[in-house]
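Everything below concerns the one structure shown next.
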Amino acid sequence: MSAKLSGPMLAPKSGARPSHAVVLLHGYGSDGADLIGLAPHWQDILPDALFVSPNAPEACRLSGAGYQWFDIDYEGDRLASRQLGVVQARPVLVEFLNDLWRQTGVMPQRTILAGFSQGAMMALHVGLSLPEPLMGIIAFSGAFLPAEGFAEGQFAKPSVCLVHGDMDPVVDPEFSTDADVALRLAGYDVAYHVSAGVGHGIAPDGLAFASAFIADQLEK
């Protein structure tokens, strides 16, 4: 992919030069304007953070509006299409992150990478296959599709927050359960929360759990 990502951005609430960055990755058929709505919930925790929510690189094939990180094969093997999709979309997100760090001076270690649904899959795949550790990764209603080399322990090990509704009809909640097990076995620090009675969305308790996760990373 040769696309350059762009989307809504919020400057630090403090008015200071950004010392941290929060990158928000939207879900399938949505856009950056959707997930930038998380910023007000986290600006008091990270007043010096730049929040940016890029639009995914492709127009959504099925919805007629919004964007997709990768196409979904609804008639074939969806898991295989997801695994191929994150690999194909990875370079454009990595380029975006590198540009962000170069232009702002914010370090990877002061960057939170968060995503919802397909964006959560991208956050986990890319964030867990970087040479330097991020401040943390937050995955709402996602799945972990490991990059080549993960099993060999080739990558940095940032802390990970997983949040999923137990009634999700779109992305099976078991994907987050499986991610929790796999990452803990691989030596990652994982915070995992299940929102009871919640479908494919971010409930107040899940958002509060993620907020506490961010606050915990500041203390490390």
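Residue pairs whose Cβ atoms lie under 6 Å apart, separated by 6 or more positions or on different chains, with the first residue in region 115-132 and surrounded by fewer than 24 Cβ atoms within 10 Å (Cβ to Cβ) and the second assigned to a helix (DSSP H, G or I), are 132/108.
When residue 170 is tested against the conditions (1) modelled with pLDDT of 95 or more; (2) open to solvent by 60 Å² or more (accessible area, probe 1.4 Å); (3) not acidic (Asp, Glu), the lone failure is (1). Among the hydrophobic types (A, V, I, L, M, F, W, C) and touching a strand residue (DSSP E or B) at 6+ places or on another chain (Cβ under 8 Å): does that describe residue 25? Yes, satisfied.
Does region 190-206 contain at least one residue that is without any contact (Cβ under 8 Å) to a residue 24 or more places away in the chain and either open to solvent by 40 Å² or more (accessible area, probe 1.4 Å) or assigned to a loop (DSSP other than H, G, I, E, B) (or both)? Steps first, please.
Looking only at region 190-206, we keep the residues that are without any contact (Cβ under 8 Å) to a residue 24 or more places away in the chain, and these are 204-205.
Within this subset, residues satisfying the condition of being either open to solvent by 40 Å² or more (accessible area, probe 1.4 Å) or assigned to a loop (DSSP other than H, G, I, E, B) (or both) are 204-205.
The answer is yes; a qualifying residue exists.
For region 124-144, indicate whether the set of residues that are modelled with pLDDT of 95 or more and of a type in the set (Asp, Glu) is non-empty. Within region 124-144 (the criterion being modelled with pLDDT of 95 or more and of a type in the set (Asp, Glu)), the answer is no, since none of the residues qualifies.
Restrict the check to region 21-35 and report whether at least one residue is farther than 24 Å from residue 201 by Cα, modelled with pLDDT of 95 or more and either open to solvent by less than 30 Å² (accessible area, probe 1.4 Å) or within 17 Å of the chain's Cα centre (by Cα) (or both).
no
Taken over region 125-160, the criterion of being touching a helix residue (DSSP H, G or I) at 6+ places or on another chain (Cβ under 7 Å), under 22 Å from residue 85 (Cα atoms) and not in a loop (DSSP other than H, G, I, E, B) is satisfied by 125, 126, 137, 138, 139, 140, 160.
Name the single residue that is surrounded by the fewest Cβ atoms within 10 Å (Cβ to Cβ) among those in region 44-94 being part of a loop (DSSP other than H, G, I, E, B) and of a type in the set (Ser, Thr, Tyr). The qualifying residue surrounded by the fewest Cβ atoms within 10 Å (Cβ to Cβ) is 74.
Across region 45-98, the qualifying residues are those that are of a type in the set (Gly, Ala, Ser) and over 24 Å from residue 10 (Cα atoms), and the one among them that is nearest to the chain's Cα centre (by Cα) is 89.
Return the residue satisfying two criteria in turn: it lies in region 209-220 and is in a helix (DSSP H, G or I) and either in contact with a Ser or Thr (Cβ under 9 Å, 6 or more places away or on another chain) or open to solvent by 60 Å² or more (accessible area, probe 1.4 Å) (or both), and of such residues it is farthest from residue 111 (Cα to Cα). Before the answer, list the steps.
The initial filter retains those residues of region 209-220 that are in a helix (DSSP H, G or I), namely 209-218.
Checking the rest, the ones that are also either in contact with a Ser or Thr (Cβ under 9 Å, 6 or more places away or on another chain) or open to solvent by 60 Å² or more (accessible area, probe 1.4 Å) (or both) come to 209, 213, 216-218.
On the way: 209: 18, 213: 13, 216: 14, 217: 11, 218: 11 Å.
Among those residues, the one meeting the criterion is 209.
The values are calculated or read from the model by the stated rules, or taken from the named source; none is laboratory data. In this text the structure is predicted, and so the values were computed from the model without any measurement. Quick reminder, even Gly has a Cβ in these numbers, built from the backbone with ideal geometry, and neighbours come from all protein chains shown. SASA here: full protein model, heavy atoms, side chains in, ligands and nucleic acids out. Shrake-Rupley method; radii C 1.70, N 1.55, O 1.52, S 1.80 Å.
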